[in-house]
Amino acid sequence: METDASGADPSRLLNGVAGGLLYGEFTDTLNDAVRYSVSLTESALTIQKISSSPSRTKVVFNLSDCIGCRAYRGADGADVGAYFTAYFYPLRRHWMSAGVARQRVEQCFRVALVQDPATNLQEAEKWAYAIRDASARQAPRREGVLYSEVRRPCRVMVLVNPHSGRCQALQLFTGHLQGMLTEADVPYTLVITEHRNHARELVRTADLSQWDALVTMSGDGLLFEVINGLMEREDWQEAMQTPLGILPGGSGNALAASIHYYSQSAPARSEELLLSCGFMLCKGLVGSLDLVSVHLPSKQRLFSFLSLAWGFVADIDIESEKYRHAGAIRFLLGTLVRLASLRVYQGRLAYLPAKEAPRSLRGSVKANPPPSTPQHTSLCSSLPCQLIPNTSPNHNSHHNHGSTNSNHNTVTNTSNNAITTMRPETLSNSNTQEPLDSLLPSLDQPVPDSWTVVKEEDFVLVLAIYQSHLAEGFWTAPGALADDGLIHLLYVTAGISRPALLRLFLAMEKGAHLAYGCPHLVYKKVKALRLEPSSPQGMITVDGEMVEYGPVQAQIHPGLARLICG
């Protein structure tokens, strides 16, 4: 509402602060005759239409759903008013489905308290700043998880693989994510990858001080490149403190689906999943991410964030590439084709079982503890998690690693004030300056007596997974978390019928396969494993990428990376 105050303090007219809360009366951006009362608390923005009618419509927006707010002058130079617009992505029921998903809502108000444009703009900026500040403090947090925060303003490098999935990653970014980043005031540099290993080569030599986060818009293959490129740097330990984000733009989108699941949101796919991951990126909360060190027959080592597969699952992943144009349904098509000619694979499997966490460590941690108080997270892990106080075409690649490390158990990164406490299995070797795989013997040596050797040697599949989802529609390890310090090992022995195997995969869509009671399915929580195929033909994949075939072994490195999550 426009008022000629002639020097009076505008905040004493229609705007004010009472008990730490902002209150104001503003007009509609399209109709000055429509007025709203707007109040801001620490947790919500309440909007109420002012009218003579006794029933006044009130709308309350939770600030945990707000990603940003901006103030600006109108396009008309003669307009003395100023404006502020808040951007919300609340969970709402979709009219085409029974579930809920994040949907964009924009709330815009015109500030015209006085005839002075500068004063009105100052008032709009005050509101925009207060809404941004309050919404940052209301970022959704899960109990039992320690978060840090991406520095603000967050400078992001976004790497897009234009050939991933249905070759629509770039269009999805410009159509959905570009606007969200602008609304959240997140400056970014867009990098279009041009060839296999482009992202790996780029991050291996990049000046990471220019970026507060590295984000991939693709399937899971591009993040695989980024992680291995970072681990090849001489300063890998500092480089791995750079928060990593993923936006689903491929066929599988396993990590994106897992992150969405960890946020305790209803299942989502396609564009709904993209909005969810974009929302978490704009909120900027950072948790820990386990990595798994994988040793190949040629003594190459690479780092994995998702899975190691042999047999049925690996065959589907690689053979279904020909159906890439079909999107996520490619995996269903690949499953049906492989079921028609079901194979059995011979080999030996051994693993180091994980010990159960002591009861005293479970469920005892509250979210966001004071930095001065040492805390450990309890996420189904047998050892304390990393502690970080708050701080402000698909790529099929083979990696040959040479990486460096410090020989200290605790590393202080002065660039972002992050302190990382390593678990015993993630210690460094002072001689080789590499992350020490303390749980693994040499591949030419037998496994220790503490390991379990599987009696069966005929398998349909072996899958070691460290996230909850293997793809958007495959909820493979329902109990998994990004930093639980566990490898979730599933294997299916020979003798299972085709219908039974198909039922298992159909049950996996709802995470019900472990309760299915199939005698051929075995599930174990492990810290390390070794797989020695004896079948002359077959495929092994790591994070969906085909690697060298032969004996492989792997161990978990808890909290080695940092992940933008919710």
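The values are calculated or read from the model by the stated rules, or taken from the named source; none is laboratory data. Because the structure is predicted, anything quoted here is derived from the model rather than measured. Every residue, glycine as well, gets a Cβ built from its backbone with ideal geometry; the counts of neighbours run over all protein chains shown. Accessible surface areas use protein heavy atoms only, side chains included; no ligands, DNA or RNA. Shrake-Rupley method; radii C 1.70, N 1.55, O 1.52, S 1.80 Å.
Spot the failing condition for LEU489; the list is (1) open to solvent by 50 Å² or more (accessible area, probe 1.4 Å); (2) over 20 Å from the mean Cα position of the chain (by Cα), and only one is missed.
Exception for LEU489: condition (1).
Looking only at the stretch 103-120, filter to residues that are of a type outside the set (D, E, K, R) and part of a loop (DSSP other than H, G, I, E, B); which one of those is nearest to the chain's Cα centre (by Cα)? Don't jump to the end; show me each part of the working.
Quick first cut of the stretch 103-120, residues of a type outside the set (D, E, K, R) only: 103, 105, 107-109, 111-115, 117-120.
Next cut, part of a loop (DSSP other than H, G, I, E, B) only: 103, 112-115.
Numbers: GLN103: 19, ALA112: 42, LEU113: 43, VAL114: 46, GLN115: 47 Å.
Checked the stretch 103-120; the qualifying residue nearest to the chain's Cα centre (by Cα) is GLN103.
Could you run through the stretch 470-481 and say how many residues are open to solvent by 10 Å² or more (accessible area, probe 1.4 Å) and either under 18 Å from ASP220 (Cα atoms) or touching a Leu at 6+ places or on another chain (Cβ under 8 Å) (or both)?
Kept after step one, since they are open to solvent by 10 Å² or more (accessible area, probe 1.4 Å), are these residues of the stretch 470-481: 470, 472-475, 478-479, 481.
Checking which are either under 18 Å from ASP220 (Cα atoms) or touching a Leu at 6+ places or on another chain (Cβ under 8 Å) (or both) leaves us with 470, 472-475, 478, 481.
Within the stretch 470-481, residues that are open to solvent by 10 Å² or more (accessible area, probe 1.4 Å) and either under 18 Å from ASP220 (Cα atoms) or touching a Leu at 6+ places or on another chain (Cβ under 8 Å) (or both) number 7.
I'd like to verify a number: residues in the stretch 242-275 that are buried (at least 24 other Cβ atoms within 10 Å of the Cβ), assigned to a loop (DSSP other than H, G, I, E, B) and among the aliphatic types (A, V, I, L, M), how many?
1
Out of ALA357, ALA328, report the one residue that is open to solvent by 40 Å² or more (accessible area, probe 1.4 Å), modelled with pLDDT under 75 and farther than 19 Å from MET539 by Cα. Before you say what the answer is, go through the steps one by one.
Values: ALA357 fails: open to solvent by 40 Å² or more (accessible area, probe 1.4 Å).
Result of the check over ALA357, ALA328: ALA328.
Filter the stretch 537-556 down to the residues that are open to solvent by less than 30 Å² (accessible area, probe 1.4 Å), among the acidic types (Asp, Glu) and on the phi < 0 side of the Ramachandran plot and list them by number.
GLU545
Would you point out the residue of the stretch 507-536, among those that are assigned to a strand (DSSP E or B) and over 16 Å from ALA354 (Cα atoms), that is least open to solvent (accessible area, probe 1.4 Å)? Steps first, answer last, please.
Residues of the stretch 507-536 that are assigned to a strand (DSSP E or B), as a first pass: 521-533.
With the extra rule that they be over 16 Å from ALA354 (Cα atoms), the set shrinks to 521, 531-533.
On the way: LEU521: 35, LEU531: 0, GLU532: 47, PRO533: 24 Å².
By that ranking, first place goes to LEU531.
What residue, of PHE312, PHE303, is within 21 Å of VAL226 (Cα to Cα) and of a type outside the set (S, T, N, Q)? Please lay out each step first, then the result.
Values: PHE312 fails: within 21 Å of VAL226 (Cα to Cα).
From the options PHE312, PHE303, the qualifying one is PHE303.
Of the conditions (1) surrounded by 15 or more Cβ atoms within 10 Å (Cβ to Cβ); (2) part of a helix (DSSP H, G or I), TYR129 clears all except one; give me its number.
(1)
Taking the conditions exactly as written (modelled with pLDDT under 90 and either loosely packed, with under 14 Cβ neighbours inside 10 Å or of a type in the set (Val, Ile, Thr) (or both)), does ALA5 satisfy them or not?
Values: modelled with pLDDT under 90: yes; either loosely packed, with under 14 Cβ neighbours inside 10 Å or of a type in the set (Val, Ile, Thr) (or both): no.
Spelling it out, it is not the case that ALA5 is modelled with pLDDT under 90 and either loosely packed, with under 14 Cβ neighbours inside 10 Å or of a type in the set (Val, Ile, Thr) (or both).
Taking the condition of being hydroxyl-bearing (Ser, Thr, Tyr) and out of contact with any helix residue (DSSP H, G or I) (no Cβ under 7 Å at 6 or more places or on another chain), how many residues in the stretch 202-239 meet it? So that I can check it myself, show each step before the final result.
As a first pass, look at the stretch 202-239 and keep what is hydroxyl-bearing (Ser, Thr, Tyr): 205, 209, 216, 218.
With the extra rule that they be out of contact with any helix residue (DSSP H, G or I) (no Cβ under 7 Å at 6 or more places or on another chain), the set shrinks to 205, 209.
Residues in the stretch 202-239 being hydroxyl-bearing (Ser, Thr, Tyr) and out of contact with any helix residue (DSSP H, G or I) (no Cβ under 7 Å at 6 or more places or on another chain): 2 in total.
Anything in the stretch 190-241 that is within 14 Å of the chain's Cα centre (by Cα), closer than 21 Å to ARG301 by Cβ and either aromatic (Phe, Trp, Tyr) or part of a loop (DSSP other than H, G, I, E, B) (or both)? List them, or say none.
ASP220, PHE224, listed by residue number.
Test SER403 against the criterion of being at pLDDT below 90, open to solvent by less than 10 Å² (accessible area, probe 1.4 Å) and polar (S, T, N, Q), and give yes or no.
It is true that SER403 is at pLDDT below 90, open to solvent by less than 10 Å² (accessible area, probe 1.4 Å) and polar (S, T, N, Q).
Which members of the stretch 156-166 meet the condition of being at pLDDT 85 or above and either loosely packed, with under 15 Cβ neighbours inside 10 Å or more than 18 Å from the chain's Cα centre (by Cα) (or both)?
Matches in the stretch 156-166: PRO162, HIS163.
Being surrounded by fewer than 24 Cβ atoms within 10 Å (Cβ to Cβ), modelled with pLDDT under 95, among the charged types (D, E, K, R) and touching an Asp or Glu at 6+ places or on another chain (Cβ under 9 Å) is the filter here, so list the residues in the stretch 184-235 that pass it.
Matches in the stretch 184-235: ARG196 only.
Can you find a residue that is closer than 30 Å to LEU181 by Cβ, charged (D, E, K, R) and at pLDDT 90 or above anywhere in the stretch 282-294? Give the derivation first.
Here is the first cut: in the stretch 282-294, the ones closer than 30 Å to LEU181 by Cβ are 282-291.
Subsequent filtering for residues that are charged (D, E, K, R) retains 283, 290.
With at pLDDT 90 or above added as a condition, the list becomes 283, 290.
Looking for residues that are closer than 30 Å to LEU181 by Cβ, charged (D, E, K, R) and at pLDDT 90 or above, one finds at least one in the stretch 282-294, hence yes.
Quick test of your reading of the structure: GLY278 fulfils all but one of (1) within 29 Å of PRO187 (Cα to Cα); (2) surrounded by fewer than 21 Cβ atoms within 10 Å (Cβ to Cβ); (3) not aliphatic (A, V, I, L, M). Name the failing condition by number.
Here GLY278 clears every test but (2).
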